[in-house]
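K.L.:
First, the structure itself, so that you have it in front of you.
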Amino acid sequence: MTAIPHPPHSTVRSTVPPEGTRGVLLAVLILAMMLGGATLLGWLLSGLTARIYPEAPPYMILVYVLGILLVMMPVVSRLFPWIVNWYYLFPALVFLAAFTVLPIILTVNYAFTNYNAVNSGNPDSSLRTTATISADKRVITLAETPQSQNVQEYLRCDTPGCAGATLVLFDDQASVPYRAKVASVSGLQVTLAAPFTGPIEVARATRLNSYTYVGLENFREIFGKASRALVPVFIWTVVFAFSTVIINALAGLILGILLYNKNLKGRNIYRTLLFLPWAIPAVISVQMWVALFNQQFGIVNKGLGLLGLAAVPWLGDPLWAKISVLFVNLWLGFPYMMTATISALSTINDDLYEAASIDGASRWQQIVNITLPLLRNSFTPILLSGFAFNFNNFGIIYLLTQGGPDQQGREATARSTDILLSWGYNTAFASSGGQNFALASAIALIIFFLTLAISLVNFKAAGVFEEARK
Amino acid sequence: MKKALTILSLALLPSASAANITVWTHFGGGELTWLKDQAAAFDKKGNKTTIVSVPFDQIPDKLIQSAPKGQGPDVIVTLPQDRLGQLASAGVIEPMDKYITSKTDFDKTGLTAMTYQGKLFAIPMFAESVALVYNKKLVSKAPTTWAEFLKVAQDNTGNGKFGFLADLNNAYMNYGVISAYGGYVFKNTGGTLNTKDIGLANAGADKASAFLNDLRYKYNLVPEGVSGDVAKGAFTDGRLAMYLTGPWDMGDIKKAGIDYGITAFPTPPGASGKWSPFVGVQGTMISAYSKQKVAAAGFAKQISSSDAQLAFNKAGGRIPVSLSARTKLKSDPVVVGFGKSISAGTAMPNVPAMGAVWAPWSAAIAQSVQKPNQDYKQILDKAVQEISGNIK
Amino acid sequence: MTTMPSQDATPPEVYVHQEPGVLRKALPWLIIAAAVVIVGVLAFYLNRNMQGRPKSFTIFFVERGWVRFLLFLLAASGVLALTSLLGQRIGMARTGRKISYSAVLGVQLTHLFLMLVVLVAIYPLFYVLIAAFDPRNSLFAFPDFSNPNILYKTGLLPRLEVLSYENFQKLFEGVAIPLWQLVLAGIAGAALTALLILAMIARAGRESEGLNQTRSWIMRVLIVALVVLVFFMGPSQFGGSTNESKFLLSVRNTLLVSGITGFLAILLSTTAGYAMARLRFPGRFQTLLFFIFIQMFPVFLALVAVYTLMVLLGLSNTFTGLILAYSGGAIAFNTWIFKGYVESLPESLEEAAMVDGATRWQTFIKVVIPLSGGILVFIFLNQFIGTYAEFILANILLTGVEKWTVGIMLLSFTQGQFSTKWGVFAAAATLGALPIVALFYGFQGYFVGGTVSGGVKE
């Protein structure tokens, strides 16, 4: 424990924070109240601004919140002097809350709905029909119910009376949708729960393609098709992350040990050249490999042809594509492992080697008995973080194979080289997934828990917890 | 200072008099210049048009996300019909019947393709389908039968040269063969598509997959790893006699100075019908969330007029759907060549269910040509199962 | 941190020969055996996979080429064995000391091996560089079977006589750059080159105070020139009709976004990292864990939510929105790195300052920050380079070619539906990689140290 120096003037209010869980909870409560208060005030202020200057941008709320927080901070720290410690964490906490935690909460929420491109909570324009409104603005008469037998089916209501369903009303231009709650339906007439007050002449109506909560349906779907998606994808993700780290580390170790040889002239030139694959952004170099791996015209196979070897379907065959992914990742990653080896080696005392060679140990024995055991300490965290990084290494998969090629017995969103993350991406954003945001959110949750579990093991092994507690 | 005042006064003007419309387009090069000229002409009437370039395959997804939030465009130039149903169900595109008074100048196929649930959702601009493009230097007479085709192709294959190439992995490109053998996506009975009746795994579709596999492993024409751009590269390099492609490659082919001809792919051996490729029609749509629908529709109509389509063809060589424009282009070999395969073709389905078809179907076609002699029936059955499961 | 008994196994300070147990002895062999089995099984399946595939007729095969290659390697090793012998003798005669023959031969063979590795690792880059000058718009190797030269015959070397600047011209079509911007760009380029040269001199071991001073001045010039350039270049200067003609604009956009993101990363993580390292209060450990674990959520599957949030704030399709979204993403890592760095500083300096009456905050600003130059540069660079290569988030949040970043631009060349532009891609890739490559080599020292200590890989 570092001693916190007491300020010369002692106040009634303690500078020492309350101990234990109580202290944590109190601090979190105070911070949450500050943030909540600032957000509320900022929201009110920005609403006010918008009323006075309609052109004011919505992000003014951010500016207000930040300003209010700046004013609040010294005030609160007078009340609770120990909260100052937390102020150091405040910028990071605020950013995390706004741009990471908030989207995550929304996503977790989507995971239990049927939210997708069509069920997006917006009015359907293909089923729009002409409609008239009664004089008391309560009854809407639809001209027809396209594609449906009756109004109940048209509005997709759960109850025969359709109470609580939503009807969307437009004027003739159909520019701005107005939503109205339904009280009851009979025939083609829809009675609204309250008289329609919108500033338009109702001429058209349609239904809302709203999304609903479906409970665990998405997870049921994922596990129902597990043998065609989740299981093979998960196995490949683990195999990929594990083997790519091992292969890269081996290559890096060999090159690093070779290059650390002080008798090797021009080793700086080799190092500079071999550094190059690391220096080029992966978004550029991986795409380059796509062309170079072309089975008929890529220079890789042309080069193999020079050696008399057959043309390999690098990206065209499920098994070879996996090899290609590992190879490209090796090309991208070995310079890093090589550099790590060299800098770890340079911390080893040369006297050790001298002592060993006086004892008559051969070069090989020196490597096995001195170099490798010493490297293990610095390599453990590197290997573990490499595993975690590659576990979610979406970039290389997306850029090199886009998950392909296709493999028999798989879903179209989970192809032969898809890892968990790219499978989720395909589900939400690729045309193959039909923009099923809800399913993708469920996949995201599963990935989160898997990553969490793996990281917990990793952190235990790498001593991250001890280092954090320190 | 004066400039600032002008801007200020412009900003204060009521917005109704001048329409500000945003146009999303995937055009580039000459076609984009054409669109900018059209916008300039439109702006002369007191409007202000902003053109935003968005990649073709991202337009539907971005539209679905951004339009309901008020971030989308007013006009989309242009999208094909296969996502039309989905966009309409998502409610982001606006029926245009009331803005289009005369439909007589448009090709029937074009109008049908753009109509969903009895409503016209886009003004058709141009049609496209694949056809067999050949190098006249290497192919003296366009082959009309399978036997002729095979002979020409095999004579030209070998020693770093190719007789025939095609992207065999691509379902869209190979639909012509599938339909020739009797396969179909959704059963079409009198103009309505039955999404419950999927014909991609029937006996004909199995035969078609076998034929595609034969092109690679029996006739040894199309090696593994050939994609559309490989084929184009080989063709423009003068090493390829014939390949299957659409009007989109014609610009590069003309630039490379290849003496080309365009014809239909012959009826494959043992097929029950003629080769009938997918016909895609691209049309101009307006957003359902546009605040300026009349102006937007005005712009869409302007760029679809016969004269505008003629200029558009000059800019990029696409095949217009305006009948009068097509008549004026009678002597253009590209229009005539692809025009033939368009009239022999089958329109791509435009129902939302089509979104569920592409990925599993493409995967099945790609698997069928990965190795020699496969169980096509099993592959296709699995795909159809997945498609039906996704349609619900 | 010094008061805690260290739990790490301290590295042995002297060489002690230990006889390992049986299991320890067997373990390496077991691992090697397992690896051999895995490789064998894999080779079997790969070989079976290749059976029945027709031989390609577009590739020029040299029958038994691999035998020739092995013979060549053998011959080269033989020559090296001879020259090593010669070298050893000459060396011994010159210096009069005993030189081991195996050491000399080992060095020579290492050279041979490394040259082969360099050839395999670097040739693809060289090929792409050439393809950038190939007007046929292709990264594909079309062989020329009639050519007697084996490199042309296989297509391994592109036809050098047809090379032109056409692909680069496409990237600059319709771009209007005023003179002052050109001058600034020239200054920035010169400064970057100078930095590279200085880095080379420093690597050669001639580090000095004067050198450091020159370097910091050059760096300032570079930063000012780039900032002015990036802020004052705008879409109106790019009048070309194609997407690729906006390439330079996309570079400018990326520099703008990456630069500000890098700067924000420092702002957001230093205070937190310092507090985690030095301050002791309940909740510190839990917050650190929260930081680490919350960022394990695959945020880009939450993109729909991020997009919704940005629309609510009116920041969709703006660089501000993108920057904010990026900045949230790297807080945990950067905090962790900075925490580790502060812990490595001697605490006595801060204590001395506080004895002199400085508050915590003043100590942080006046003592810790000035000492953290290197790690701050690393945090900035790491964030900068990571952001430079990002494309998923940018693609979802930004619409329209005028807003594109380099990643989206490059992706649009290779993933266009029916129109892949490999030639333009190669040209753009060459130009787009240059700034990052220059940064890497110019700041190699910072980079290697920071990355290795952080155990991270980008």
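K.L.:
In vacuo Debye scattering of the range B:134-234, one point per C-alpha: log10 I(q)/I(0) at q = 0.16, 0.18, 0.19, 0.24 Å⁻¹?
P.N.:
-0.78, -0.92, -0.99, -1.32
K.L.:
Moving on. Quick one: how many lysine pairs in chain C have C-alpha atoms under 25 angstrom apart, if they're 8 or more apart or on different chains?
P.N.:
Taking the Cα cut-off of 25 Å, the pair count is 10.
K.L.:
Here's something else I'd like to know. Suppose we take every Cα in chain C and form the convex hull; what volume per residue is that in Å³? Please report the intermediate quantities before stating the final value.
P.N.:
On the way: hull volume 133.0 nm³, N = 458.
Convex hull volume per residue, Cα atoms: 290 Å³.
K.L.:
P(r) of the range C:50-105 in 10 Å steps, Cα pairs, percent per bin?
P.N.:
So the P(r) values, bin by bin, are 20, 27, 18, 14, 13, 7, 1.
K.L.:
Report Rg (one decimal) and Dmax (nearest whole number) for the range C:296-439, counting Cα atoms only, units Å.
P.N.:
According to the Cα coordinates of the range C:296-439, Rg and Dmax are 20.6, 71 Å.
K.L.:
Also, quick follow-up: If I model a spin label at A:Glu466 and C:Asn147 as a point 7 Å from the Cα along the Cα→Cβ vector, what separation in nanometres do I get?
P.N.:
It works out to 6.1 nm between the two label points.
K.L.:
Treating the Cα atoms of the range B:16-132 as identical point scatterers in vacuum, please give the log10 of the normalised Debye intensity I(q)/I(0) at q = 0.22 Å⁻¹, two decimals.
P.N.:
These q points yield log10 I(q)/I(0) values of -1.49.
K.L.:
Now, a different point. With no solvent and one point per C-alpha, what does the Debye sum give as log10 I(q)/I(0) for the range A:288-381 at q = 0.10, 0.14, 0.17, 0.19 Å⁻¹?
P.N.:
Debye curve over Cα of the range A:288-381, log10 I(q)/I(0) at q = 0.10, 0.14, 0.17, 0.19 Å⁻¹: -0.50, -0.70, -0.78, -0.85.
K.L.:
For B:Lys108, put the label point 7 Å out on the Cα→Cβ axis and report which residues of the range B:182-197 keep their amide N under 18 Å from it.
P.N.:
Within reach of a label on B:Lys108: B:188-193.
K.L.:
Check cross-link reach from B:Lys136 to the lysines: straight Cα distance under 23 Å, and skip same-chain residues fewer than eight apart.
P.N.:
Reachable lysines: B:Lys151, B:Lys161, B:Lys232, B:Lys254, B:Lys255, B:Lys330, B:Lys340.
K.L.:
Within 10 Å of each Cβ in C:153-160, how many Cβ atoms from other chains are there, averaged over the peptide? Each step should come with its number before you reach the end.
P.N.:
On the way: counts 3, 6, 8, 5, 2, 1, 0, 0.
Taking all residues of C:153-160 together, the mean is 3.
K.L.:
So, one more: Rank these for me by crowding, B:Asp252, A:Asp172, A:Asp350, going from fewest to most other beta carbons within 10 Å.
P.N.:
Details: B:Asp252 17, A:Asp172 12, A:Asp350 9.
Least to most surrounded, the residues fall as A:Asp350, A:Asp172, B:Asp252.
K.L.:
Return the average number of partner chain Cβ atoms within 10 angstrom of each residue Cβ along peptide C:141-150. Spell out each step's value before the answer.
P.N.:
On the way: counts 11, 10, 7, 2, 4, 2, 0, 0, 0, 1.
The shielding value for this peptide is 4.
K.L.:
When N is the residue count of the range B:167-212, what does its C-alpha Rg come to as a fraction of 2.2 N^0.38 Å?
P.N.:
Numbers: Rg = 10.8 Å, N = 46, 2.2 N^0.38 = 9.4 Å.
Normalised Cα radius of gyration, the range B:167-212: 1.14.
K.L.:
I'd like the mean, over residues of C:94-106, of how many other protein chain beta carbons sit within 10 Å of each residue's own Cβ. Intermediate values should be presented prior to the final figure.
P.N.:
Numbers: counts 0, 0, 0, 0, 0, 1, 0, 0, 2, 3, 1, 0, 5.
Across the residues of C:94-106, the mean count of other-chain Cβ atoms within 10 Å is 1.
K.L.:
Something else: Can you give the FRET efficiency for A:Val231 and B:Lys274, using 1/(1 + (r/R0)^6), R0 = 45 Å, r = Cβ-Cβ distance, to the nearest 0.05?
P.N.:
Values: r = 45 Å, r/R0 = 0.99.
Efficiency at R0 = 45 Å is approximately 0.50.
K.L.:
I've got another one for you. By counting other Cβ atoms within 10 Å of each Cβ, how are A:Leu274, B:Leu200 ranked from fewest to most?
P.N.:
On the way: A:Leu274 20, B:Leu200 26.
Fewest-to-most Cβ neighbours within 10 Å comes out as A:Leu274, B:Leu200.
K.L.:
With only alpha-carbon pairs counted, each pair once and no self-pairs, how large is the Kirkwood hydrodynamic radius of the range C:287-361 in angstroms?
P.N.:
Details: mean 1/r = 0.0650 Å⁻¹.
It is 15.4 Å.
K.L.:
Work out, step by step, the length gained on full extension between A:Thr347 and A:Ser77: first 0.36 nm times the residue separation, then minus their alpha carbon distance; give nm to one decimal. The partial results should precede the final answer.
P.N.:
Working: separation 270, 0.36 × 270 = 97.20 nm, distance 4.53 nm.
Net length gain for the segment: 92.7 nm.
K.L.:
I've got another one for you. Relative contact order, percent, of chain A when contacts are C-alpha pairs under 8 Å separated by at least 6 residues?
P.N.:
Working: 588 pairs, mean separation 68.4, N = 470.
Relative CO of chain A lands at 15 percent.
K.L.:
Still on this structure: How much FRET efficiency would the formula 1/(1 + (r/R0)^6) give for B:Gln154 and C:Arg64, where r is the Cβ-Cβ distance and R0 is 41 Å, rounded to 0.05? Please report the intermediate quantities before stating the final value.
P.N.:
Working: r = 29 Å, r/R0 = 0.71.
It comes to 0.90.
K.L.:
If we restrict to alpha carbons, what Rg and Dmax does the range C:114-153 come to, in Å?
P.N.:
Cα radius of gyration and Dmax of the range C:114-153 are 12.2, 34 Å respectively.
K.L.:
Please express the shape of the range A:201-355 as an equivalent ellipsoid: the semi-axes are the square roots of 5 times the eigenvalues of the C-alpha gyration tensor, given largest first in whole angstrom.
P.N.:
On the way: eigenvalues 424, 113, 67 Å².
They are 46, 24, 18 Å, listed largest first.
K.L.:
Give the calculated FRET efficiency between C:Ser77 and C:Leu46 to the nearest 0.05, with a Förster radius of 25 Å applied to their Cβ-Cβ distance.
P.N.:
Numbers: r = 28 Å, r/R0 = 1.13.
The value I calculate is 0.30.
K.L.:
Based only on other Cβ atoms within 10 Å, what is the fewest-to-most ordering of C:His111, B:His26?
P.N.:
Ranked by crowding around the Cβ, least crowded first: C:His111, B:His26.
K.L.:
Sticking with this structure for a sec: Reachable lysines from A:Lys181, Cα under 19 Å, same-chain residues fewer than 8 places away excluded?
P.N.:
Partners found: A:Lys137.
K.L.:
Let me check against my output: what whole-number percent is the relative contact order of chain B, with C-alpha pairs under 8 Å and at least 6 apart? Let's see the in-between values first.
P.N.:
Details: 730 pairs, mean separation 104.4, N = 392.
Taking the mean separation of contacting Cα pairs over the length of chain B, I get 27 percent.
K.L.:
Follow-up question, since we're still on this one. Can you give me the distance in nm between label points at C:Val227 and C:Leu119, each placed 7 Å from the Cα along the Cα-to-Cβ direction?
P.N.:
Here the answer is 4.9 nm between the modelled labels.
K.L.:
Could you tell me the largest-minus-smallest coordinate of the C-alpha atoms of the range A:126-246 on each of the three principal axes, in descending order and whole angstroms?
P.N.:
Largest to smallest, the principal-axis extents are 76, 30, 24 Å.
K.L.:
Same structure again: Considering all alpha-carbon pairs of the range A:152-218, what whole percent are spaced by more than 14 angstrom? Let's see the in-between values first.
P.N.:
Values: 1322 of 2211 pairs.
For the range A:152-218, the share of Cα pairs beyond 14 Å comes to 60 percent.
K.L.:
What aspartates and glutamates sit close enough to B:Lys137 to cross-link, taking a C-alpha to C-alpha distance under 13 Å and skipping anything fewer than 8 places away on the same chain?
P.N.:
Excluding near neighbours in sequence, the set is B:Asp237, B:Asp259.
K.L.:
Regarding the range C:83-226, what whole-number volume in Å³ per residue does the convex hull of its Cα atoms give?
P.N.:
On the way: hull volume 29.6 nm³, N = 144.
Residue-normalised Cα hull volume stands at 206 Å³.
K.L.:
Starting from the Cα gyration tensor of the range C:66-145, multiply each eigenvalue by 5, take the square root, and state the resulting semi-axes largest first in whole Å. Working shown, then result.
P.N.:
Details: eigenvalues 319, 46, 16 Å².
Calculated on Cα positions only, the semi-axes equal 40, 15, 9 Å.
K.L.:
Mind listing which GluC sites (Glu not before Pro) in the range A:182-238 are in a DSSP loop and have 14 or fewer other Cβ atoms within 10 Å? Please list the in-between numbers first.
P.N.:
Details: sites: A:Glu201, A:Glu217, A:Glu221; in loops: A:Glu201.
Here the GluC sites (Glu not before Pro) that fit, given the DSSP loop and packing criteria, are A:Glu201.
K.L.:
Pull up all non-local amide H partners of B:Val279: gap of 5 or more, or a different chain, and H-to-H distance under 5 Å with H placed in the peptide plane.
P.N.:
Those qualifying (amide H under 5 Å, at least 5 residues apart or on another chain) are B:Thr346, B:Ala347, B:Met348.
K.L.:
The range A:370-449: percent of C-alpha pairs farther apart than 18 Å?
P.N.:
Working: 1591 of 3160 pairs.
Everything past 18 Å amounts to 50 percent.
K.L.:
Under 4 °C and 1.567 mPa s, how fast does chain B diffuse according to Stokes-Einstein, given a Kirkwood radius computed over C-alpha pairs? Answer in µm²/s, whole number.
P.N.:
Approximately 58 µm²/s, per Stokes-Einstein.
K.L.:
Any idea what Rg and Dmax come out to for the protein assembly as shown if you just take the C-alpha atoms, in Å?
P.N.:
Calculated on Cα positions, Rg and Dmax stand at 33.4, 116 Å.
K.L.:
For the range C:171-260, calculate the relative contact order in percent as a whole number, restricting contacts to Cα pairs under 8 Å that are 6 or more residues apart. Don't skip to the end; give the middle numbers.
P.N.:
Numbers: 66 pairs, mean separation 43.3, N = 90.
With pairs under 8 Å counted, the relative contact order is 48 percent.
K.L.:
Rank by packing, highest mean first: peptides C:217-223, B:364-370, A:252-258, with packing defined as the count of other Cβ atoms within 10 Å averaged across residues. Before the final figure, lay out the partial values.
P.N.:
Working: C:217-223: 15.4, B:364-370: 24.6, A:252-258: 21.0.
So the order, starting with the most tightly packed, is B:364-370, A:252-258, C:217-223.
K.L.:
When N is the residue count of chain A, what does its C-alpha Rg come to as a fraction of 2.2 N^0.38 Å? Numbers along the way, then the final one.
P.N.:
Numbers: Rg = 31.4 Å, N = 470, 2.2 N^0.38 = 22.8 Å.
Its radius of gyration relative to the 2.2 N^0.38 Å reference: 1.38.
K.L.:
Something else now. Per residue, what volume in Å³ does the Cα convex hull of the range B:199-332 take up?
P.N.:
Dividing the Cα hull volume of the range B:199-332 by its residue count gives 185 Å³.
K.L.:
Further, regarding this structure: Give the long-range amide H neighbours of B:Phe162: residues separated by 5 or more places, or on another chain, with amide H under 5 Å away, using H modelled in the peptide plane at 1.01 Å from N.
P.N.:
B:Leu240, B:Ala241
K.L.:
Express the C-alpha Rg of the range B:73-175 as a ratio against the empirical globular expectation 2.2 N^0.38 Å, rounded to two decimals. Walk me through the intermediate numbers first.
P.N.:
On the way: Rg = 20.3 Å, N = 103, 2.2 N^0.38 = 12.8 Å.
Dividing the Cα Rg of the range B:73-175 by 2.2 N^0.38 Å gives 1.59.
Only the coordinates and a few stated rules stand behind these numbers; no lab work does. It should be emphasised that the depicted structure is a prediction, and the values quoted were computed from it without experimental measurement. Neighbour counts run over all protein chains shown; Cβ positions are idealised from the backbone, glycine included.
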